[in-house]
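For reference, the structure is listed below as structure tokens.
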Amino acid sequence: MEENKRLVKVPTMAEMAANGEEPEILFWVGCAGSFDDRYKRVTRAFVQILEHVGVKYAVLGTEESCTGDPAKRAGNEFLFQMQAITNIEVLNAYNVKKIVTACPHCFNTLKNEYPDLGGNYEVIHHSTFLQQLINDGKVRVQGGEAFKGKRITFHDSCYLGRANDIYEAPREVLAALDADLVEMRRVRANGLCCGAGGAQMFKEPEPGSKDVNIERTEEALATLGAGNGVIATACPFCMVMMNDGVKNKEQEENVKVFDIAELVAQAEGLSR
Amino acid sequence: MIQLENIIFLIVAGLGIGLFVWQIQKIRKNILLGRDLDLTDNPSERINKTLLVAFGQQKMFKRMLPALLHLVVYIGFIVINVEVIEILIDGVFGTHRVLGFLGPVYSALMFINEILAALVIVACAMFLWRRNVTKVPRLAKGVEMRAWPKMDANTILVIEIVLMLALFTFNIAGLKLVELQGGEAAGVYPISQSLINLFGDNPQTLHLIERVGWWLHIIGILAFMNYLPSSKHFHIIMAFPNVYYSKLLPRGKFTTNPAITHEIKAMLDPSYQPPAPETDAEGNPVIQRFGAKDVEDLTWKQLMDAYTCTECGRCTSVCPANITGKLLSPRKIVMDTRDRMEEKGESPVIYDPARYGKDEGTERVKVTEENTLLRGYITPEELWACTTCNACTESCPVNIDQVSTIMDLRRYLVLEESAAPASLNAMFTNIENNGAPWAFPAADRFNWAEDIYVPSKN
Ligand code: SF4
Ligand code: SF4
């Protein structure tokens with residue numbers, strides 16, 4: 001096995017600039033993608049896909065910093081702008097034009113809020129990017145075996161869906177997997193939040209009768225029915241929330257939470 | 001022939017319309033308490049939205065039954081208004097069914113009118129049923145649904161039914177009179193025709209009934225019009241401008257405060273020259289407030305939102321925080337804004353909705369006796385429960401932006417009072433120190449890139 005594999009050296013913008021090169025896309029990893037143990041696997045899966053299709057990409061590495069999204073949603077406009085202005089200086093210094101990110105919160109902030117502060121880029125969420133790779137035949141997703149008959153339900157991220165009207169791209173990626181895509185009761189524009197947005201991720205929920213992620217997980221579990229199933233997400237926060245929910249319901253043996261990039265990487269035989 | 005009746009009519013109509021104009025002026029003043037905001041961009045997109053969402057009722061159709069019932073009342077309202085024009089002309093000039101010369105067009109109009117009027121009665125009865133018998137939760141529940149909002153909704157529905165009954169009354173009596181005189185009535189009246197013998201055949205009585213029905217209808221309409229500014233029913237007017245001025249940007253884009261941008265740029269680059277501070281009419285610099293504590297810190301659009309709310313509770317019924325038992329109800333945020341605005345500014349003449357807090361039922365939630373929108377009406381606990389998911393803005397049939405108000409109030413808490421929950425303050429510190437919301441050293445940010453393998457291509 002090992003001899004058929006090669007070790008990936010993830011290129012950074014600094015290295016590229018030193019060689020006088022410019023990548024086609026900047027992969028914006030985001031804080032969750034960099035630090036959250038579970039979500040790092042998504043980052044790695046996405047890099048495997050980038051390597052596999054041979055796109056010329058780079059990351060900022062240690063030069064990346066929080067986009068400021070959680071600060072902004074929590075009301076700390078000052079800290080948000082500090083982050084944004086500093087990030088924009090870095091991005092503009094590298095002459096970045098096109099950014100791909102797996103995090104809808106980074107996506108929304110970079111795409112919609114950075115232009116007011118002088119950061120103008122073409123920003124693409126990884127669901128749209130993966131959909132294009134599939135449409136262009138660059139990724140074949142020969143996942144017929146791995147996913148056949150498996151029930152998958154997609155949980156819409158508010159910051160991808162309602163905030164930016166992206167509903168179809170992640171579903172098309174899942175449809176290409178040849179799995180059995182089932183929809184929850186509250187989907188697309190009517191989707192129910194995972195409970196993490198608006199900086200809720202970083203605080204205890206306000207007192208109530210239930211946590212939002214439990215409500216959403218119950219809905220997902222009811223949709224998947226008994227047996228094996230996958231809750232597909234396209235957002236690091238949703239992933240944490242759904243994972244916690246599944247654990248809370250003691251269903252982690254039966255129901256797995258995967259990011260769409262992991263599913264594609266698996267189907268392509270890039271990772272287990 | 002102009003008679004005393006016409007003069008009385010002219011006075012009554014003049015008073016009714018004058019009072020309405022006066023009330024509108026008050027509301028205009030209240031809305032202008034808000035901060036300035038330029039929303040004159042993209043007129044064609046705005047008109048498009050208005051046609052779809054306001055005229056076309058697009059967002060109502062997320063729920064079929066109420067959408068259809070509402071459509072009946074809405075179309076009924078528009079068509080029956082054509083008859084109101086006739087009533088006004090008849091009333092002023094002492095004419096009778098002045099538009100009758102339109103012949104077949106008039107017949108068709110009256111025909112549709114009667115059918116719609118009957119359907120409006122049915123729809124209003126069903127609405128009353130949903131509110132008072134089956135008690136659809138979003139209409140019946142919520143701390144903000146005190147005595148007044150509930151009574152208001154029922155009042156409107158009953159008035160609408162009474163207005164329609166008055167219309168039938170004078171149609172039936174009028175038809176019978178014409179029949180007794182052996183003449184031919186202008187127009188076709190399918191329902192009144194079938195009820196033609198309802199009021200007997202004494203011409204004097206019939207004439208009296210016809211006049212009473214006619215006066216009741218027009219006085220009812222004038223009174224109703226003047227009740228609107230006190231009521232959630234004001235949405236029949238406000239929905240149109242409010243949708244026209246609604247947010248065209250992606251829902252996820254929140255406003256940027258330029259004053260903060262200048263401050264930061266000056267911090268980062270000492271040679272940066274921020275523009276001269278804004279001045280008010282007297283030339284004094286305007287004191288910048290970050291976020292909103294009270295209604296005048298909100299924009300006029302956010303205040304217009306408050307006048308447009310139909311209190312339908314669609315926003316609250318889809319709010320994840322509300323669904324899971326948290327204190328937040330986006331409808332309450334909007335209704336509180338209106339109440340506070342009218343407490344601070346002017347209140348309508350018929351009924352002061354701000355009084356709803358003093359109505360019977362549970363006390364208004366307050367943290368302090370401070371008389372500002374924040375704390376006096378809306379508690380920080382409500383604000384901190386919001387996930388900014390935009391389910392509320394998506395569901396609102398009249399394009400109200402509840403999230404923008406919630407965000408502005410949150411900004412005040414954080415920027416002016418540093419009153420964020422402790423865990424959020426810790427998150428802020430982490431971002432400041434490590435460039436990430438978690439306490440991980442920035443130097444570890446790239447550690448994920450170790451030991452990644454891909455199948456080699458050959
Ligand atoms: S944006 Fe906030 S108020 Fe609106 S539905 Fe979501 S959590 Fe509720
Ligand atoms: S804000 Fe909109 S959705 Fe909410 S109650 Fe008012 S009109 Fe209904």
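I need the per residue convex hull volume for the stretch B:1-159, using only the alpha carbons, in cubic angstrom as a whole number.
Working: hull volume 31.0 nm³, N = 159.
Hull volume over Cα atoms, normalised by residue count, gives 195 Å³.
Please list the equivalent ellipsoid semi-axes of the stretch B:377-416, computed as the square roots of five times the alpha-carbon gyration tensor eigenvalues, in descending order and whole angstrom.
Rounded to whole Å, the semi-axes are 20, 10, 9.
Accessible area per residue, 1.4 Å probe, Å², for chain A: what's the number? Spell out each step's value before the answer.
Numbers: 9900 Å² over 272 residues.
Using a 1.4 Å probe on heavy atoms only, each residue of chain A averages 36 Å².
What value in Å³ per residue do you get for the convex hull of the alpha-carbon atoms in the stretch A:201-268? If you can, show how the numbers build up before the last one.
Numbers: hull volume 5.9 nm³, N = 68.
That works out to 87 Å³ per residue.
Quick one: Cα centre-to-centre distance for the stretch B:1-69 and the stretch B:313-347, in angstrom?
22 Å
Carbon and sulfur together cover what percent of the accessible area of the protein assembly as shown at a 1.4 Å probe radius? Intermediate values should be presented prior to the final figure.
Details: 17970 of 30810 Å².
With neighbouring chains kept in place, the figure for the protein assembly as shown is 58 percent.
Given R₀ = 25 Å, FRET efficiency for B:E45-B:E278 by Cβ-Cβ distance, to 0.05? Show your work: numbers first, answer last.
Values: r = 29 Å, r/R0 = 1.15.
Efficiency, rounded to the nearest 0.05: 0.30.
Would you work out the relative contact order for chain B, in percent, from Cα pairs under 8 angstrom that are 6 or more residues apart?
20 percent
Not counting ligands, DNA or RNA, and with a 1.4 Å probe, what is B:S246's accessible surface area in Å² rounded to the nearest 10?
Estimated to the nearest 10 Å², B:S246 gives 0 Å².
Could you give me the percent of Cα pairs per 20 Å distance bin for chain B, shortest bin first, beginning at zero and ending with the bin that holds the maximum distance?
Percent of Cα pairs in each bin: 20, 45, 25, 8, 2, 0.
Determine, from the Cβ-Cβ distance of B:S107 and B:Q288 and an R0 of 60 Å, the FRET efficiency 1/(1 + (r/R0)^6), rounded to the nearest 0.05.
With a Förster radius of 60 Å, E is 0.40.
Using a Förster distance of 30 Å, how high is the FRET efficiency between B:F20 and B:H96, based on the Cβ-Cβ distance and rounded to 0.05?
Working: r = 26 Å, r/R0 = 0.88.
Computed FRET efficiency for B:F20 and B:H96: 0.70.
What figure in square angstrom, to the nearest 10, would you give for the accessible area of B:K150 with a 1.4 Å probe?
80 Å²
Are there cysteines in chain B with no other Cys C-beta under 4.7 Å, and if so, which?
B:C124, B:C309, B:C312, B:C319, B:C386, B:C396
Can you compute the radius of gyration and Dmax for the stretch A:156-272, using only the Cα atoms, both in Å?
When restricted to the Cα atoms of the stretch A:156-272, Rg and Dmax are 14.0, 44 Å.
Per DSSP H run of at least 4 residues, take -39500 (n - 2.57); add these up for chain A, divide by its residues and hand me the 222 nm value, nearest 500 deg cm²/dmol.
On the way: 12 runs with 113 residues, N = 272.
The per-residue figure over chain A is -12000 deg cm²/dmol.
Below 8 Å, C-alpha to C-alpha, sequence gap of six or more: please give me the relative contact order for chain A in percent.
19 percent
With all protein chains present, calculate the accessible area of B:C389 using a 1.4 Å probe and round the result to the nearest 10 Å².
About 10 Å², rounded to the nearest 10.
Could you provide, to the nearest whole Å², the per residue accessible area of chain B with probe 1.4 Å?
Heavy-atom SASA per residue in chain B reads 46 Å².
What does the structure give for B:321-329 when I average, per residue, the other chain Cβ atoms found within 10 Å of the residue Cβ?
6
Counting pairs of alpha carbon atoms under 8 Å apart in space and at least six apart in sequence, what relative contact order in percent does the stretch A:152-272 give?
31 percent
With a 1.4 Å probe on protein heavy atoms only, work out how much accessible surface A and B bury together, total over both chains, in Å² to the nearest 100.
So the total buried area for this chain pair works out to about 6300 Å².
Quick check: the angle from helix B:147-180's long axis to the longest principal axis of chain B, C-alpha only, nearest 10 degrees?
Once rounded, the angle reads 20 degrees.
Given a cut-off of 31 Å, what percent of all Cα-Cα pairs of chain A lie beyond it?
Working: 9212 of 36856 pairs.
More than 31 Å apart: 25 percent of the Cα pairs in chain A.
Given points 7 Å out from each Cα along the Cα-Cβ axis, report the B:V122 to B:A443 separation in nanometres with one decimal.
Each label point lies 7 Å from its Cα, and together they span 7.7 nm.
Relative to the compact-globule scaling 2.2 N^0.38 Å, provide the ratio for the alpha-carbon radius of gyration of the stretch B:96-239. Walk me through the intermediate numbers first.
Numbers: Rg = 18.1 Å, N = 144, 2.2 N^0.38 = 14.5 Å.
Against the empirical 2.2 N^0.38 Å value, I get 1.24 for the stretch B:96-239.
Taking 2.2 N^0.38 Å as the expected size of a compact globular protein, what ratio does the Cα radius of gyration of the stretch B:205-289 give against it, to two decimals?
Normalised Rg, Cα atoms only: 2.25.
Using the Kirkwood formula over every pair of different C-alpha atoms, what hydrodynamic radius in Å results for the stretch B:389-458?
Working: mean 1/r = 0.0622 Å⁻¹.
Value: 16.1 Å, from the Cα pair sum.
Per residue and in cubic angstrom, what volume does the convex hull of the Cα atoms of the stretch A:1-93 have? Provide the component values of the computation, followed by the final result.
On the way: hull volume 10.7 nm³, N = 93.
It is 115 Å³ per residue.
Per-residue counts of other Cβ atoms within 10 Å, averaged by peptide: what ranking do you get for B:166-174, A:216-224, highest first?
Numbers: B:166-174: 23.1, A:216-224: 20.0.
Taking the mean over residues of other Cβ atoms within 10 Å, the ranking is B:166-174, A:216-224.
Please identify, among A:C235, A:C66, A:C103, the residue showing maximal mean-square fluctuation in a Gaussian network model of chain A using a 10 angstrom Cα cutoff.
A:C66
In vacuo Debye scattering of the stretch B:229-353, one point per C-alpha: log10 I(q)/I(0) at q = 0.14, 0.19, 0.22, 0.23 Å⁻¹?
The computed values of log10 I(q)/I(0) come out as -0.84, -1.20, -1.36, -1.41.
With the Cα gyration tensor of the protein assembly as shown in hand, convert its eigenvalues to equivalent ellipsoid semi-axes via √(5λ) and list them largest first in whole Å.
With the √(5λ) rule applied to the protein assembly as shown, the semi-axes are 58, 30, 22 Å.
I'd like the mean, over residues of A:152-165, of how many other protein chain beta carbons sit within 10 Å of each residue's own Cβ.
For peptide A:152-165, the averaged partner shielding equals 3.
Given labels modelled 7 Å from the Cα in the Cβ direction, how far is it in nm from B:D36 to B:N81?
3.3 nm
How much of the DSSP bridge set in the protein assembly as shown is antiparallel, in percent, rounded to the nearest 5?
15 percent
Taking 2.2 N^0.38 Å as the expected size of a compact globular protein, what ratio does the Cα radius of gyration of the stretch B:1-52 give against it, to two decimals?
On the way: Rg = 19.2 Å, N = 52, 2.2 N^0.38 = 9.9 Å.
In units of the globular-protein estimate, the stretch B:1-52 measures up at 1.94.
Take peptides A:237-248, B:279-290 and line them up by average Cβ neighbours within 10 Å, highest first, as a rough protection proxy.
So the peptides A:237-248, B:279-290, ranked by packing, come out A:237-248, B:279-290.
For a quick check of your reading of the filter: which trypsin sites (Lys or Arg not before Pro) in the stretch A:1-88 sit in a DSSP loop and have no more than 12 other Cβ atoms within 10 Å? Spell out each step's value before the answer.
On the way: sites: A:K5, A:R6, A:K9, A:R38, A:K40, A:R41, A:R44, A:K56, A:K72, A:R73; in loops: A:K9, A:K56.
When the trypsin sites (Lys or Arg not before Pro) of the stretch A:1-88 are filtered for loop state and at most 12 Cβ neighbours within 10 Å, A:K9, A:K56 remain.
Residue by residue through B:377-386, how many Cβ atoms from other chains fall within 10 Å of the Cβ on average?
Mean shielding by partner chains, rounded to a whole number: 3.
Where the centre of each part is set by its Cα atoms, how far does the stretch B:95-118 sit from the stretch A:37-83, in angstrom?
Here the two parts' Cα centres lie 66 Å apart.
Can you give the translational diffusion coefficient of the stretch A:40-124 in µm²/s, computed by Stokes-Einstein from the Kirkwood radius over Cα pairs at 20 °C and 1.002 mPa s?
Estimated diffusion coefficient is 158 µm²/s.
The values are calculated or read from the model by the stated rules, or taken from the named source; none is laboratory data. Keep in mind that what you see is a predicted model, and the values were worked out from it rather than measured. Virtual Cβ from ideal backbone geometry, glycine too; neighbours counted across all protein chains shown. Only protein heavy atoms, including side chains, enter the accessible area calculation; ligands, DNA and RNA are left aside. Shrake-Rupley method; radii C 1.70, N 1.55, O 1.52, S 1.80 Å.
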